[in-house]
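Undergrad: I am attaching a structure below and will ask some questions about it afterwards.
The values are calculated or read from the model by the stated rules, or taken from the named source; none is laboratory data. In this text the structure is predicted, and so the values were computed from the model without any measurement. Cβ coordinates were reconstructed from backbone atoms using ideal geometry, including for glycine residues, and neighbour counts include every protein chain displayed.
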Amino acid sequence: MRFENTGIEKLKADLNRIDDVMENFGLVRAGQWDYERVTYDRKFELREGVFYLRVQGYAIEGDVDTFKATVQLMKPLLGKHYYPHGVEYGEGENFPASLVNQCNKLLEQINHDISQFAL
């Protein structure tokens, strides 16, 4: 599921500051990056299964590996994990309404916090 019109997809900001905000809301980057891209995930374990809120971005200036980059964020995604195949983000998936609401609130807060220092 793709979250539309969150405002996050319009944000460009310093990688280190984005890392801090994402960590405050439980989204971790860990080893999910390369020289140009970053991925932040938050895991939700519910009765209906395991879900991941994902926010991705790419460097428009600098390199992620040097921690000196300006990152353009992309539209957030919500996916359901299927063992052993991985995460599915398709529109055919059913996501609990309470989870979608929780993710929308998180994304609103993330958007607010990053907007304070976005370029």
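Undergrad: Would you pick out the residues in the stretch 36-94 that are touching a residue at least 24 places away in the same chain (Cβ under 8 Å), under 21 Å from residue 21 (Cβ atoms) and among the β-branched types (Val, Ile, Thr)?
TA: 38, 55, 60, 64, 70, 71
Undergrad: Residue 105 passes all but one of (1) more than 16 Å from residue 13 (Cβ to Cβ); (2) touching a helix residue (DSSP H, G or I) at 6+ places or on another chain (Cβ under 9 Å); which number fails?
TA: Result: residue 105 passes all but (2).
Undergrad: Further question: Among residues belonging to the stretch 26-45 that are among the hydroxyl-bearing types (Ser, Thr, Tyr) and closer than 29 Å to residue 83 by Cβ, point out the one that is surrounded by the fewest Cβ atoms within 10 Å (Cβ to Cβ).
TA: 39
Undergrad: Based on this model, can you work out whether residue 62 counts as surrounded by fewer than 13 Cβ atoms within 10 Å (Cβ to Cβ) and not aromatic (Phe, Trp, Tyr)?
TA: no
Undergrad: Working only within the stretch 65-119, note down all residues that are β-branched (Val, Ile, Thr), within 18 Å of the chain's Cα centre (by Cα) and modelled with pLDDT under 95.
TA: 87
Undergrad: With (1) more than 11 Å from residue 1 (Cβ to Cβ); (2) surrounded by fewer than 15 Cβ atoms within 10 Å (Cβ to Cβ); (3) touching a strand residue (DSSP E or B) at 6+ places or on another chain (Cβ under 7 Å) as the list, and residue 88 as the residue in question, which single condition is left unmet?
TA: The single condition residue 88 does not satisfy is (1).
Undergrad: Let me ask something additional. Go through 48, 93, 23, 9 for me and flag whichever is surrounded by fewer than 13 Cβ atoms within 10 Å (Cβ to Cβ), in contact with a strand residue (DSSP E or B) (Cβ under 9 Å, 6 or more places away or on another chain) and not basic (Lys, Arg).
TA: 23
Undergrad: Hey, any hits in the stretch 12-35 for a residue that's closer than 24 Å to residue 112 by Cβ, of a type in the set (D, E, K, R) and modelled with pLDDT under 95?
TA: The answer is yes, given that some residue of the stretch 12-35 is closer than 24 Å to residue 112 by Cβ, of a type in the set (D, E, K, R) and modelled with pLDDT under 95.
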